[in-house]
Structure formats: structure tokens, C-alpha cells
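No value in this document is a laboratory result; all are computed from the given coordinates. None of these values were measured; they are calculated from a predicted model. No Cβ is skipped: glycine too gets one built from the backbone with ideal geometry, and neighbour counts run over all protein chains shown.
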Amino acid sequence: MVKKIIKVRDIDVLVIKKDIKNFHLSVLPPDGRVRASVPEYVSDDTVRLFVIKKYAWIKKNIGRFLSQERQTKREYVSGESHYIKGKRYILQIEYAKRPKIEIIGKKYIRFYVPLSYTKEKRQNYYEKWLRKELKKRLAILVPKWEKIIGVKANEVRIRKMKTKWGSCNPNARRIWINLELAKKPEEYLEYVIVHELLHIIIRHHNKEFKNLLTKYMPKWKTYRRRLNEFIL
């Protein structure tokens, strides 16, 4: 695999040359970074021509990402909006000796924090809670889809990722799930799980991979598009 940056007009394109048959062009969140995955034998001039043909589409999508309103940085104070499973909750801060988080009805997340907790400590505790909540969902959904697909992951891990919702190491049969998916609706999480489990069987996003994805998750293109509209 070879990686390099190629300048095409006013766009920096990350070009990845690897053992694939087709060209794949992506405009990635959060700021519209452009990536082109191409076969190993393709010349740089061919890549430039390919990008120029898609120039209008690329600029349109870069503009879409740059115009999106970023979610304000979390301060973990009362009145903030936070999302769990795609639902919006209002954060309520209450002071206590020990930290604790609980969902109150359909509207509130109550966060008990010690007076000494800084914003960083609040964030760390909140993200640990999010991780536990996501683990509970994965414990149900991963075995469900392993059984349906007929594949077994050796390990499922969670981590914060800036540009990916999930990733897979086929050799180790290990999949990673983005912590941000704790905030997203169940069908989006299931799409990412199915996507990564299928990579244990098929490494590349080829026709066979997409056919299987369509078989198990007919609306996968909708889920992918909606997820990519979010700013990570």
C-alpha cells in the first residue's frame, strides 16, 4: 500500500494505492478531507484526471461539510442537550459526594457530580458511562448479527474515532466501534456492526461485499449517508 498527497487544482487529495480493482472517491467529515483509493498500477496523472472529472461533486460535498453547524463543545452543565440512542435529553447537574448518571423519564439525564469535579473530570466520567451503555447494546446486537451472518468476531472494542464509525482487523477478527455510536439510533449502530462483521469475510468494498450488505441491511446506503452527515 502506498499513500501520498496529490494537489488537484485547489484540492489536496490523499491517494491510497492498494490491491483493488476499482476507483473509490470519498469526501470525509468533519472538514471535507478528500481521499481516493485506487489500484496499485494507476499513475498519478490518471488519478488527477479522475479527480478533475469529479471536481464539481467534490466541491459540493466539501461545501456541505463546511457549512454544517458544529455542535458546541460540551461543558457538562445543566441545560445542555445530549443524545442517547438518537433521542435528545436535557442534562441536569446535581452535586453529590459520588458521581453517578441516570436517565430520568424520556427527557432528562441527571448527572450527580462532586463539587471538586472539573469539566475534564465530568467529561471523562460521562464518556465512561457512555461506553458502558454502548457495551450493553453491543452485547446484544453483535451476537445477534454473528448468528445471522454466520461469522464470529474474536473481539469487539470501543474507541473514539474522528473519521470512522467502525473498523475491522480481519486477521485478528477484531472489530472497533466508535464511541459516538452510543448517541445514535439503533439502526445506525446495527449497520456499522454488520459492515464490520462482513469485513471479516470480505476485506474490500467490492461488489460481493455490497451485495451481502444489501442482503442483510437493505437500507444501508441511507444509514451510511445519514451517519456521514454528522460531525464527529
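How big is the dipole moment of the chain about its Cα centre under a simple scheme where the beta carbon of each Lys and Arg is +1, that of each Asp and Glu is -1, and everything else is neutral? Debye, nearest 20, please. Please list the in-between numbers first.
Working: 57 positive and 24 negative charges, 64 e Å.
For this selection, approximately 300 debye.
Within the chain, which complete DSSP H helices have Cα atoms spanning at least 20 Å along the helix axis and a mean Kyte-Doolittle hydropathy of -0.5 or higher? If you can, show how the numbers build up before the last one.
Values: long enough: 119-149 (42 Å, -1.19); 186-201 (23 Å, 0.64).
Counting only whole DSSP H runs, the qualifying helices are 186-201.
Can you pull out the trypsin sites (Lys or Arg not before Pro) in region 70-144 that DSSP calls coil and that have at most 11 other Cβ atoms within 10 Å? All intermediate terms of the calculation are to be shown ahead of the outcome.
Values: sites: Arg70, Lys73, Arg74, Lys85, Lys87, Arg88, Lys97, Lys100, Lys106, Lys107, Arg110, Lys119, Lys121, Arg122, Lys128, Arg131, Lys132, Lys135, Lys136, Arg137, Lys144; in loops: Arg70, Lys73, Arg74, Lys85, Lys97, Lys106, Lys107.
Listed in order of number, the matching sites are Arg70, Lys73, Lys97, Lys106, Lys107.
Would you work out which of His24, Asn61, Val2 lies farthest towards the positive end of the dipole of region 2-67, given +1 charges on the beta-carbon of Lys and Arg and -1 on that of Asp and Glu, about the Cα centre?
With unit charges placed on the Cβ atoms, the residue in question is Asn61.
Efficiency by 1/(1 + (r/R0)^6): what FRET value for Thr214 and Lys119, r their Cβ-Cβ distance, R0 = 35 Å, to the nearest 0.05? Don't skip to the end; give the middle numbers.
On the way: r = 44 Å, r/R0 = 1.25.
My answer for the efficiency is 0.20.
If you take the charge dipole of region 51-193 about its Cα centre, with +1 on Lys and Arg Cβ and -1 on Asp and Glu Cβ, which of Gly166, Ile101, Ile90 is farthest toward its positive end?
Gly166
Give me the one-decimal nm value for the distance between modelled label points at Ala172 and Arg74, 7 Å along each residue's Cα-to-Cβ direction.
Going by the 7 Å Cα→Cβ label model, 2.6 nm.
Given the pairs Lys3/Lys128; Lys4/Lys54; Lys152/Lys184; Lys17/Lys60; Lys3/Lys59, which are separated by over 31 angstrom at their Cα positions? The partial results should precede the final answer.
Working: Lys3/Lys128 35 Å; Lys4/Lys54 19 Å; Lys152/Lys184 24 Å; Lys17/Lys60 25 Å; Lys3/Lys59 22 Å.
Going by Cα-Cα distance, Lys3/Lys128 fall outside the 31 Å limit.
Report the FRET efficiency, 1/(1 + (r/R0)^6), for Lys132 and Leu14, where r is their Cβ-Cβ distance and R0 is 30 Å, rounded to 0.05.
Working: r = 35 Å, r/R0 = 1.17.
Taking R0 as 30 Å, the efficiency between Lys132 and Leu14 is 0.30.
Among Lys160, Lys183, Lys215, which one shows the biggest mean-square fluctuation in a GNM of the chain, springs joining Cα atoms closer than 10 Å?
Lys215
Find which of Ile200, Pro185, Pro218 sits farthest along the positive direction of the dipole of region 180-228, computed with +1 on the beta-carbon of Lys and Arg, -1 on that of Asp and Glu, about the Cα centre.
Result: Pro218.
At R0 = 41 Å, how high is the FRET efficiency between His24 and Ala96 if r is their beta carbon distance? Nearest 0.05 is fine.
On the way: r = 51 Å, r/R0 = 1.23.
My answer for the efficiency is 0.20.
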